[in-house]
Amino acid sequence: MKRVVLDTNCLLASISSRSEFFVVWRGLHEGRYILCVSNDILSEYEEIIAQKTTSSVAKHVVDALVDCDFVEFVDPQFKLGLITNDPDDNKFVDCAFAANATFIVSEDRHFDVLSAIDFPKILVLKLKQFAAML
């Protein structure tokens, strides 16, 4: 089964049943992939979702993730520091590395630097590509 790290904006784009990317949220709960998260990622999810919607929606989304059988909690031991243009994005890279994730799903151009790095090889897919796989 694919092990995936979702950038915050990709998760946000997938939670509405009216979104073209709802297949990503539904696919997680159907067990079509394993979502790998760290505490830092969950905190960012809650913070950004609350900013874009409401704190109640953010809490429900995080609670649904915590209760989901297809979410794996990862405690990254290494801080790779591969993304220098936006160091805050490194939490996703570190989680992907620690979880031996298949790829990161992101629309953020800061992750493009990963394609030029030989080790660790961390693939990045766009949200539309990932949704099409599901």
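The values are calculated or read from the model by the stated rules, or taken from the named source; none is laboratory data. Here the structure is a predicted model, which is why all the values come from computation and not from measurement. Please note: Cβ atoms are built from the backbone with ideal geometry, for glycine as well, and neighbour counts cover all protein chains shown. Ligands, DNA and RNA are excluded from the accessible area calculation, which covers all protein heavy atoms including side chains. Shrake-Rupley method; radii C 1.70, N 1.55, O 1.52, S 1.80 Å.
For a quick check of understanding: with a 1.4 angstrom probe and all protein chains in place, what accessible area in square angstrom does Glu46 have, to the nearest ten?
Glu46 has an accessible surface of roughly 80 Å² with all protein chains in place.
What relative contact order, as a whole-number percentage, does the range 1-62 give when Cα pairs under 8 Å and 6 or more residues apart are counted?
32 percent
Just need log10 I(q)/I(0) for the chain at q = 0.12, 0.16, 0.19 Å⁻¹, Debye formula, equal scatterers on the alpha-carbon atoms, no solvent, rounded to two decimals.
Taking Cα atoms of the chain as identical point scatterers yields -0.41, -0.76, -1.10.
Could you give the accessible area per residue of the chain, probe 1.4 Å, as a whole number in Å²? Kindly include the intermediate steps, with their values, before the conclusion.
Working: 7200 Å² over 134 residues.
On a per-residue basis, the chain sits at 54 Å².
Below 8 Å between Cα atoms, with a sequence gap of 6+, how large is the relative contact order for the range 54-134 in percent? Write down the numbers at each step before the final one.
Numbers: 77 pairs, mean separation 17.7, N = 81.
In percent, rounded to a whole number, it is 22.
Can you pull the accessible area of Asp63 for me, 1.4 Å probe, Å² to the nearest 10?
Only protein atoms counted, so the area is about 60 Å².
Calculate the dipole size of the chain relative to its Cα centre from +1 charges on Lys and Arg beta carbons and -1 charges on Asp and Glu beta carbons; express the result in debye to the nearest 20.
In total the dipole reaches around 460 debye.
Explain nothing, just compute: Karplus ³J(HN,Hα) = 6.51 cos²θ - 1.76 cosθ + 1.60, θ = phi - 60°, for every residue of the range 103-112 in order, whole Hz, x for Gly and Pro.
6, 9, 9, 7, 9, 7, 5, 4, 6, 4
Accessible area, 1.4 Å probe, largest first: how do Met1, Met133 sort? Don't skip to the end; give the middle numbers.
Working: Met1 140, Met133 90 Å².
So, going from the largest accessible area down, we get Met1, Met133.
Based solely on C-alpha atoms, express the radius of gyration and the Dmax of the range 78-129 in angstrom.
10.0, 30
At a probe radius of 1.4 Å, what is the per-residue accessible area of Arg26, in Å² to the nearest 10?
110 Å²
For the range 1-78, what does the alpha-carbon gyration tensor say about shape, rounded, prolate or oblate, given a ≥ b ≥ c as the root eigenvalues, a/c under 1.5 as rounded, and a/b over b/c as prolate? Don't skip to the end; give the middle numbers.
Values: a/c = 1.73, a/b = 1.11, b/c = 1.55.
Oblate shape, in that a/c is at least 1.5 and b/c is the bigger or equal ratio.
Compute the signed sum of charges (Lys and Arg +1, Asp and Glu -1) over the other residues within less than 12 Å, Cβ to Cβ, of Asn39. Intermediate values should be presented prior to the final figure.
On the way: positive: Lys91; negative: Asp40, Glu44, Glu46, Asp75, Asp94.
Every neighbour counted, the sum reads -4.
Which percent of the accessible heavy-atom area of the chain goes to carbon and sulfur, probe 1.4 angstrom? If you can, show how the numbers build up before the last one.
On the way: 3600 of 7200 Å².
Carbon-and-sulfur percentage of accessible area, whole number: 50.
Would you list Phe97, Phe73 from the most to the least accessible area, probe 1.4 Å?
Details: Phe97 65, Phe73 100 Å².
So, going from the largest accessible area down, we get Phe73, Phe97.
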